[in-house]
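First up is the structure itself, then whatever we jot down about it.
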Amino acid sequence: MSEPLRLDMTPLPDLAATAGRAGPVRTRMPVYVDLLPPCNNACPAGENIQEWLRLVKAGSDQAAWRELTRNNPFPAIHGRVCYHPCETACNRVELDGAVSIHSVERYLGDKAIEQGWRFQRARPGTGRRVLVVGAGPSGLSAAYQLAMLGHAVEIRDASESPGGMMRYGIPEYRLPRAVLDAEIARLVELGVRIVPGHRVTDLLAEQAQGGFDAVFVAIGAHLSKRVDIPTRDASRIVDAVGFLRDVASGGRPMIGRRVAVYGGGNTAMDAARVARRLGAEESIVVYRRTAEQMPAHASERSEAMAEGVTMNWLRTISSFDDAAMTVEIMELDDAGRAVGTGRFETLAADTVILALGQEADSAFLQAIPGMRFDRDVLQVDPRTLMTDVPGIFAGGDAVPSERTVTVGVGHGKRAARTIDAWLDRRPPVERPKHELAGFDRLNLWYFGDNRRTTQPELDPANRVTDFDEIHGGLDEAQAHVEAARCLSCGNCFECDGCLGSCPEDAVVKLGKGFRYRFDYARCTGCATCYEQCPVHAIEMIPEPT
């Protein structure tokens, strides 16, 4: 005979095998806790993702935007170009798909541009001046945070327009320039001075002449790595960074009908996709390892292939002549390394684009006594981002790190806060992280099915005719629905579960936004509140002796 269906979600104790949950003397007590959500933990920019999602869910979009931009001033940009490691970490991926955090972030960023929302300086001017070298994501982020802290900031950049690789490396079909310009313009309105077309060659002299109290070096990796490929026409071999920069600046280089891109990173994918938009009928990626070893993000690779880009794995270019290239077929050895086989084949190509990685142009820093380098990479204190030269800090592509927009923005924020502390002669504040709220800590009975919202996108067959943006944004209703999918891992969202489940009325509701407290004079330590809490915002601890 089957057991009857139980509707009570709180299990009863097995008194034959365990002690009672309550007794004349309480041995344990509940406490409210705040754990670290996996999304927050995974964000390189340090955003409080869970909190701004909560505010969107509550219909407070501007408050959500202000919370988001405390840590990252570029939500419209990041909602488009960040590879969202927060979504990979999201606990909801175990249910029905991760929360589409990047699309809600983009919604807030786009709405802020449409509504004309502006930053509000956090504190008055300090009278101190900071020089930022480089107007890429890291330099712009640092400038924003320093300006919000009251410092006067000047950015000097070698390019004609600010944005760094966001402008000159990321194609417009991923990041429209109007969006980039709008979010940078807010920094100028905040008081940040940007000096374009100014290449810094003597940093110490410029610091002294400008009366700057500190410096943040945020030069990008704009120099392409080269490889010698035997050829009779070197003009048909171009580097990917220069190629993308030319196109981003309005150029339309003649590349022919058949283009080969040598490399396997995200820059290679961008170059191959841009080539298709410039009229290349064949765009081939040649990569010396396997698809699984390819450093390009899976989404970049799949979108490139959807647009007609062909992948040639386990191939390396040996020579290039007369619209044809000779490639050697590779294979993996026992250690998983690609090695040559001595077998060759010929592929047609009018142009070869080299996308073999980038380096930072840090030569001007190597004349400064005390600076340490590992090839082009400047060595810094990983906690403070200060170099061995007091008062000179560095971040982004110039230091050891993953070279992405979001990592650069995170570096800029961290450097700004340590620069502020250094200028005030106080130690940087260490912010210890809470314990992580893993999936196994959640009580899933509370959450129903709610599938992930899909962003609209252009048909792949029509994308390659121009540089129109591929992905569309969410409307207001969709963004609010998507934000509501957040599980609020590890943090109370006032569901009233503890209030309703307590048999002793020991839970006291403090009013909207103020959560609850326990009346320990009534509490018996039965743990009913703890066992039903959907997000593990309650922990049971031993009764103090």
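The values are calculated or read from the model by the stated rules, or taken from the named source; none is laboratory data. Just so you know, these numbers come straight off a predicted model, no measurement behind them. For neighbour counting, all protein chains shown are included, and Cβ atoms are generated from backbone atoms with ideal geometry for every residue, glycine included. Keep in mind that these areas ignore ligands, DNA and RNA; they rest on the heavy atoms of the full protein, side chains included. Shrake-Rupley method; radii C 1.70, N 1.55, O 1.52, S 1.80 Å.
Values computed for the structure shown
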{"read-out": "Calculated log₁₀ intensity ratio I(q)/I(0) where the Debye formula runs over C-alpha points of the range 259-388, q = 0.13, 0.17 Å⁻¹", "value": "-0.67, -0.89"}
{"read-out": "Normalised per residue, the volume of the convex hull around the Cα set of the range 118-274 (Å³)", "value": "129"}
{"read-out": "Two-decimal Rg to Rh for the range 347-491 - Kirkwood Rh, Cα set", "value": "1.11"}
{"read-out": "Isotropically averaged projected area of the range 115-159, using the convex hull of Cα atoms (one quarter of hull area), nm²", "value": "3.8"}
{"read-out": "Under 5 Å, built H, 5+ apart or other chain: amide partners of Ser283", "value": "Val259, Thr310"}
{"read-out": "The chain - percent relative contact order, Cα under 8 Å, separation 6 or more", "value": "21"}
{"read-out": "Prolate/oblate/rounded call for the range 404-461, Cα gyration tensor, a/c under 1.5 rounded", "value": "oblate"}
{"read-out": "Label-point gap, in nm, between His297 and Ala58 - each point 7 angstrom along Cα→Cβ", "value": "3.0"}
{"read-out": "Nearest-0.05 FRET efficiency for Thr346 and Ala234, computed from C-beta distance (R0 25 Å)", "value": "0.80"}
{"read-out": "Radius of gyration and Dmax over the Cα atoms of the range 330-372, both given in Å", "value": "19.4, 51"}
{"read-out": "Along each principal axis, Cα extent of the range 33-184, largest first, Å", "value": "48, 37, 28"}
{"read-out": "Per residue solvent-accessible surface (Å²) - the range 402-545, probe of 1.4 Å", "value": "54"}
{"read-out": "Carbon + sulfur, % of accessible area of the chain - ligands and nucleic acids excluded, 1.4 Å", "value": "51"}
{"read-out": "Model label zone, Ile329; criterion: amide N under 19 Å from point 7 Å along Cα-to-beta-carbon; scope the range 341-382", "value": "341-348"}
{"read-out": "In degrees, nearest ten, helix 101-115 long axis to first principal axis of the chain (Cα)", "value": "80"}
{"read-out": "Cα principal axis extents for the chain, largest first, Å", "value": "92, 69, 48"}
{"read-out": "Probe 1.4 Å, protein heavy atoms only - accessible area per residue of the range 41-80 in square angstrom", "value": "29"}
{"read-out": "Cα long-axis angle, helix 266-277 against the chain (0 to 90 degrees, to the nearest 10)", "value": "60"}
{"read-out": "Unpaired by the 4.7 Å Cβ criterion, cysteines found in the chain", "value": "Cys43, Cys82, Cys90, Cys486, Cys489, Cys492, Cys495, Cys502, Cys523, Cys526, Cys533"}
{"read-out": "Convex hull of Cα atoms in the range 250-301, direction-averaged projection (nm²)", "value": "3.7"}
{"read-out": "Accessible area per residue, Å², the range 199-282 with all protein chains present, probe 1.4 Å", "value": "44"}
